Amino acid sequence: MGENKSDVLQGTLDLMVLKTLESMGPQHGYGIARRIEQVSNDSLRLNQGTIYPALLRLRQRGWIRADWGTSENNRRARYYSLTRVGRRQIGKETENWERIAATMARLLADQ
Amino acid sequence: MELLRILLSRCVALFRGRRLDQELDEELQMHLELAMEEHLRRGLRADDARAAALRDFGGVTQTRERYREGRGLPLLESGWQDLRFGLRHLRRNPGFALTVVLSLALGVGATVSVFSITYAVLVHPYPYADADRIVYPLLADQSGRLDWAQLTAAQVRELATSDVVEKLSARINRSMALTDHDFPESVTVSCQTGDSFSMLGVPALLGRNLGPADSPDGQEPQPVLMLNYRFWRRHFNGDPDVVGRTLELDHKQYTIVGVTGPRFGWGGNNGNIDVYLPQKLSNDLPADVSFYVFFKLRPGIPRSVADAKLQPLFEQFAKEVPGNFPRRFTVKVQRLKDGTLRDLGGTLDLLFAAVSLLLAIGCANASILLLARGSVRQHELAIRSAAGASVARIFRQLLTESLLLSFAGTALGVVLAYSTLGAIIAWLPVNSFPNEADFHINVPVLVFSAGLALLTGVLFGILPALQMVRPEINPMMQTGTHKIAGSVRRTRLHGALIVGQIALTLLLLTAAGGAIEGFVRMMRVPLGYDPHNMVSVSIPLHENTYTRWAERVAYFTRLRDKVAELPGVVSVGISTNATPPDSGWNQTFALLGRPVNEEQQALVHLVGPEYFGTLHIPLLQGRLWDAVEVKRGATLVLVNQSFAERYYPHGDAPGHSLEVPGLKGQPPDMLAAPGSDGWMQIIGVVADSVDDGVDKPIRPAIFMPYGTFMFMGTQLLIRSRSTPETLLDSVRKQIAAVNADQEALVHGNGELEWWIRQEPAWARGRLLSGLFAAFAGLALVLAAVGLYSVVSYSVVQRTNEFGIRLALGAQRRDVSKIVLASAGLWVGLGIGIGFGLSFASSRMIAHWVENSRDDVLVTTAVCLLLVAVSSVACLLPANRAASVDPMTALRCE
């Protein structure tokens, strides 16, 4: 199984989820997962299941919250949205990520 | 703050697990449905859409597991889960669980209780300060026999100034009567010199200790006393206000100044001291008053140095009072516990070795069972792993189960230890361990044995999980490993454990066989006297009473005659020092007309003429004394058969004369008849009876009329028509009729059978053979169960193979043979090794087990027993293997 699906760095997935929620507003787990795949033009195919532990992690930190709502197929679904702390956190996390990305870019360029 | 929040949400999750699980399931279900709908919209067929959705999701169960781990407190939660699962699992396999728990419990319980006793008796028996430095001098004569040294007051004072002595305690024990009651009650009094209590360094429980000020130099001791704790509990019901009150002893008033601590037993060998009085050490004491001395060595002085330093001093003492010393001797100072070590050390060491073996066998057994269980569970574990359990999770689960078993075993072991401790103590030979010994469960050993049991459980319990680490789940699931022979490595481990267990069991069985054989032989020793319906009553004299020879002889005779009048009494004999089975007084003697030989010793018995008839000891030759000869203290003696045969092999003992120079009177306490230490004529020979303990050969004995030499008391041996206990009250009345002040003492229930049971050798034999038999029996059962389970599991594992063999035409006998062959190899190897071990240790065992011989018969019998039990343990599963129906076996796949 899963040999053609990339394992996404833990912190990376968290940031992807936060960014998705920021741009799309409240969203359920499937929506978030599909959105991430679509944004990457399906170049990043994740095990969609991994999104749920990440969502739990973010909730426990208080960066997102979950509310029950109704889905497009008229079923009860859990919708996740950013909290105020989470919104603030995006800035920090983005900065962090950019620093790492820049470092990586420099390192790779040196080769 | 954030951490706290996470923790809080996890804790909440812990208690809302079920609802959260439902919510998660709902959420995941939603996810899959949405994904499926999307795939359907793209034109996939329904089942393809479902498969695609699942593939995209990537492991629903694993996600759920990981989500759960992140949600609550996974260790606690899964620990609880494991515990419940483990309990369920064990409940489904009660035989397995029970055997493992019992194996561990027996080992732990036996080890802890026996070691606790060893510790209390041998390692730390005394409550006194620096007890290892407190010693007493013994004198070894040429034959190595150890004897007490008795010193005069002047000698005690001189010894106290020796530069090896830090502090010294000398004592005289005597019996006194409580005279402020209607009936005189006898109390045992220990008169202690001034430094005794400060040497011991134990504070008084109430009031104060006796000190030097209570026996000032040149004055009579103060009229004060100290109560022993046990006497205080018994006589004063533990009254806390007892200090300051008075006690009347021998019609004299003493003020109670203190009560000793509960473990304090100084002065007596078996806790019999009731009262302590101060004792002076001045020169005005009569020259024949002699003291037993104890002293504390100065720090850093080895006992050998003390021996060498004291040797010249004691030789000088011997010149001053030759009667108190053997002719040639060497001083050997003994620690307080040395006597116990001699009496009981070997026995307890041996028992400790036995329980250690039992612990090893128990642990081996638990290991075998856990291993066998583990191999059967490989399949189950493979399925769990495939269903999403991580290796760590399986590891934790197995660990939980093993810990559960080990803890249960250990806990039960502790309970066993507590409950057996009392029983074993009750079986310890009385008087052979210090009365100060404080028995309680020894915590370090408890921790050690419990640790060993836990380690065994954990190590062998998680072994299957260790094998899981190698990722071979698929082949294991697909081939159903449990139907083919186990891996070579594991079989070898099983085999080694079985071999070890069988070997140790054989060793234990041999030792038990030896102990039991020796004890049975000791019980069957012909006593030479008839102890049935016999009771011994001791008559102590008070100080300064009946101090004239004729008066004392007449008094003893009158007491005997009065008791003999009772209708329930068949006969009564006076026996000053001759209550069997360990009787008489070891003395050097000379034969008239033969050269003096120092090694020539016999047991001197002081008895009345009725002694022999009362005990049913027949007269073989010559005659007994008549009443007139007893009354005048005739210098006529009888000897036993051993004496006669050894010194007069031609049967001509009567008519010859002998001399016992040690029989010198010391008035007013010790009264001797005129001529007691001179030549005495042999007038008769009596049959042999046991006189040196039931475990030793009969020694030459000389019997003299009791008037020849009288201590401060005597004993009456009474043969009654029925059980003697009903007689004792009337005996006491008869004695009181002669002298109202005279008390009569009975040791135990007084019966001669009781006296035999009190023999240290008898009690040791009973202790050893009883406990050894129990331990060996348990070991045998454990070994049989271990063997049975291993063979059974191997049969289950090879069912399929046996089915094929049978289908291909093998006879049922052949299948049995296959099973028996591998088991037989282990058993044979085990017995071989065990035999070698027994042989190697037989010298050691023979040294400690009394009367044990290298008995081929015992070893052979024990081997046969082990073979028989092992055969049954192997044959049962082998038969099951042979009765396999080939078709069923093959269909098992």
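Any idea what % of Cα-Cα pairs in segment A:10-110 are farther than 16 Å?
Looking at segment A:10-110, the distances longer than 16 Å represent 59 percent of pairs.
Explain nothing, just the number: relative contact order of segment B:133-336, from Cα pairs under 8 Å at least 6 residues apart, as a whole percent.
Across segment B:133-336, relative contact order equals 36 percent.
Looking at B:156, B:178, B:137, which one has the Cα that reaches farthest to the positive end of the dipole of segment B:133-336 (charges on Cβ: Lys, Arg +1; Asp, Glu -1)?
Selected residue: B:137.
Quick one: what are the phi-derived ³J(HN,Hα) couplings along segment B:251-265, Karplus 6.51/-1.76/1.60 with θ = phi - 60°, whole Hz, x for glycine and proline?
6, 10, 8, 10, 8, 7, 9, x, 10, 6, x, x, 8, 6, x
Going by amide H atoms built from the backbone, whose H comes under 5 Å of the H on residue B:187, apart from near neighbours?
The answer is B:176, B:177, B:178.
Do you know the relative contact order of chain B, to the nearest whole percent, from alpha carbon pairs under 8 angstrom that are 6+ apart?
About 15 percent, as a whole number.
How big is the charge dipole of segment B:638-794 about its Cα centre, in debye rounded to the nearest 20, if each Lys and Arg gets +1 on its Cβ and each Asp and Glu gets -1 on its Cβ?
For this selection, approximately 380 debye.
Fewest first, what order do B:352, B:711 take by the number of other Cβ atoms within 10 Å?
Lowest count first: B:711, B:352.
Could you quote the convex hull projected area for segment B:734-837, Cα atoms only and averaged over all directions, in nm²?
That works out to 12.2 nm².
Among B:100-108, A:98-106, B:406-414, what's the highest-first ranking by average C-beta atoms within 10 angstrom per residue?
B:100-108, B:406-414, A:98-106
Could you tell me how many cubic angstrom of Cα convex hull volume segment B:534-750 has per residue?
In segment B:534-750, the Cα convex hull volume per residue is 117 Å³.
For chain B, what is the calculated [θ] at 222 nm in deg cm²/dmol (nearest 500), taking -39500 (n - 2.57) for each run of four or more DSSP H residues and dividing by its residue count?
-17500 deg cm²/dmol
Quick one: Cα centre-to-centre distance for segment B:120-195 and segment B:715-771, in angstrom?
27 Å
Going toward the positive end of the dipole of segment B:534-750, with +1 on Lys and Arg Cβ and -1 on Asp and Glu Cβ, which of B:554, B:539, B:660 do you reach last?
Sorting the options by dipole projection puts first B:554.
Just counting partner chain Cβ atoms within 10 Å, what average do the residues of peptide A:54-66 show around their Cβ?
3
For residue B:562, go through the aspartates and glutamates and keep the ones whose alpha-carbon is under 15 Å away, minus same-chain ones fewer than eight residues off.
Of all the aspartates and glutamates, those that pass the test against residue B:562 - Cα under 15 Å, at least 8 places apart if same chain - are B:610, B:729, B:743.
If you wrap a convex hull around the C-alpha atoms of the protein assembly as shown and split its volume per residue, what is the figure in Å³?
292 Å³
Sort A:82-88, B:355-361, B:448-454 by packing, meaning the average of other beta carbons within 10 Å per residue, with the highest value first.
B:355-361, B:448-454, A:82-88
Mind checking A:19-32 for the average number of partner chain beta-carbons within 10 Å of each residue's beta-carbon?
2
What whole-number value in cubic angstrom gives the convex hull volume per residue for the C-alpha atoms of segment B:22-76?
Residue-normalised Cα hull volume stands at 70 Å³.
Considering only B:643, B:628, B:617, whose Cα is most displaced toward the positive end of the charge dipole of segment B:608-655, charges sitting on Cβ of Lys, Arg (+1) and Asp, Glu (-1)?
It is B:628, whose Cα lies furthest towards the positive end.
Sort out for me the Cα centre separation of segment A:72-99 from segment B:370-384, rounded to whole Å.
Here the two parts' Cα centres lie 45 Å apart.
From Cα pairs below 8 angstrom and at least 6 apart in sequence, can you work out the relative contact order of segment A:10-110, rounded to a whole percent?
30 percent
So for segment B:133-336, Kirkwood radius off the Cα pairs, Stokes-Einstein at 20 °C and 1.002 mPa s: how many µm² s⁻¹?
Estimated via Stokes-Einstein, D reaches 120 µm²/s.
Counting only other chains, and only Cβ atoms inside 10 Å, what mean value do you get across the residues of B:60-69?
3
From the backbone phi of segment B:748-765, what are the Karplus-calculated ³J(HN,Hα) couplings (6.51 cos²θ - 1.76 cosθ + 1.60, θ = phi - 60°) in whole Hz, Gly and Pro given as x?
Calculated HN-Hα couplings, in order: x, 9, x, 6, 5, 5, 5, 4, 5, 5, 7, 4, x, 5, 5, 5, 4, x Hz.
What's the magnitude of the charge dipole for segment B:534-750 around its Cα centre, counting Lys and Arg as +1 and Asp and Glu as -1 at the beta-carbon? Answer in Debye, nearest 20.
The dipole magnitude comes to about 460 debye.
About the Cα centre of segment A:10-110, what is the dipole size in debye to 20, counting +1 per Lys and Arg Cβ and -1 per Asp and Glu Cβ, all else neutral?
440 debye
First obtain the Kirkwood hydrodynamic radius of chain B from its Cα pairs, then insert it into the Stokes-Einstein equation at 20 °C and 1.002 mPa s, and state the resulting D in µm² per second as a whole number.
So the translational diffusion coefficient is about 64 µm²/s.
Quick one: what are the phi-derived ³J(HN,Hα) couplings along segment B:720-732, Karplus 6.51/-1.76/1.60 with θ = phi - 60°, whole Hz, x for glycine and proline?
10, 6, 10, 4, x, 5, 6, 8, 4, 4, 5, 4, 4
Taking a cut-off of 27 Å between Cα atoms, list the lysines near residue B:332, but don't count ones fewer than 8 places away on the same chain.
B:167, B:280, B:296, B:309, B:319, B:664, B:696
Laboratory data are not the source of any read-out in this text; all were calculated from the coordinates shown. Bear in mind that the values here come from a model prediction, so they are computed numbers and not experimental data. As a convention, Cβ positions derive from the backbone with ideal geometry for all residues, glycine included, and neighbour counts pool all protein chains shown.
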